[in-house]
Amino acid sequence: MKAGIIIGLLALGLGGSMTMISAVCLPPFALLLGLGAGYMNGYFDHPAASRAAFRGGAWSGVVAGLFMVAGQLLGTVGAASFLGPTRSAVIMRTFGVPNFTPPGAAFGYVGGLIGLLLIVGVVNIALMGITGGLGGAIWWQASGRRVAATAATEEPSTANQQS
């Protein structure tokens, strides 16, 4: 859980800042952050089995994904209040995207932000949960087997010393 919170704080800032431009840019970051959360979960928790490493990594990824959605929410509020449809159109024009402003564009702008928040938020949580599980499995393959084997061989010797 510690790994999910650490990566989640990073995802909170990244989600808030990237959503000010466009939330569509977040899923590739969600893949990488989910892998990182899963791997770090294995490093911090040292699960004794591969199933526990996968499950712990997935939960860390979901926790980090929830933080990212909170950042997206902050970014959506910031984009709607600070940028608005007019300034957002100017920013998009600098990127080379042609735009036009039909009547009712402000309502469409806010509706689009809320829609992107919901859709991309759910996708990010799912991606981070799946890749968090994969990150936990990668940790298990890389170093978890050795940690579990070392712990299993050390337990009987410490039990004999205490007797």
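The values are calculated or read from the model by the stated rules, or taken from the named source; none is laboratory data. Remember, predicted model here, so these are calculated numbers, not experimental data. Quick reminder, even Gly has a Cβ in these numbers, built from the backbone with ideal geometry, and neighbours come from all protein chains shown. When the accessible area is computed, the model is the full protein with side chains, heavy atoms only, and any ligands, DNA or RNA have been set aside. Shrake-Rupley method; radii C 1.70, N 1.55, O 1.52, S 1.80 Å.
Answer with yes or no whether GLY84 is out of contact with any strand residue (DSSP E or B) (no Cβ under 9 Å at 6 or more places or on another chain), on the phi > 0 side of the Ramachandran plot and in a loop (DSSP other than H, G, I, E, B). The answer is no for GLY84. Filtering the stretch 18-74 to residues that are among the small types (Gly, Ala, Ser), under 30 Å from THR150 (Cβ atoms), open to solvent by less than 60 Å² (accessible area, probe 1.4 Å) and not in a helix (DSSP H, G or I) leaves only ALA49.
To keep it simple, each residue is scored yes or no on (1) touching a strand residue (DSSP E or B) at 6+ places or on another chain (Cβ under 9 Å); (2) open to solvent by 70 Å² or more (accessible area, probe 1.4 Å); (3) at pLDDT 85 or above; (4) among the aliphatic types (A, V, I, L, M).
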| position | (1), (2), (3), (4) |
| --- | --- |
| PHE100 | no, yes, no, no |
| VAL110 | no, no, no, yes |
| LEU117 | no, no, yes, yes |
| VAL123 | no, no, yes, yes |
| LEU127 | no, no, yes, yes |
| ALA142 | no, no, yes, yes |
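No other residue among ALA53, ALA70, ALA58, ALA80 is closer than 14 Å to MET20 by Cα and touching a residue at least 40 places away in the same chain (Cβ under 8 Å) apart from ALA70.
Here GLY112, GLY133 are screened, and the one residue that is in contact with a helix residue (DSSP H, G or I) (Cβ under 7 Å, 6 or more places away or on another chain), assigned to a helix (DSSP H, G or I) and not β-branched (Val, Ile, Thr) is GLY133.
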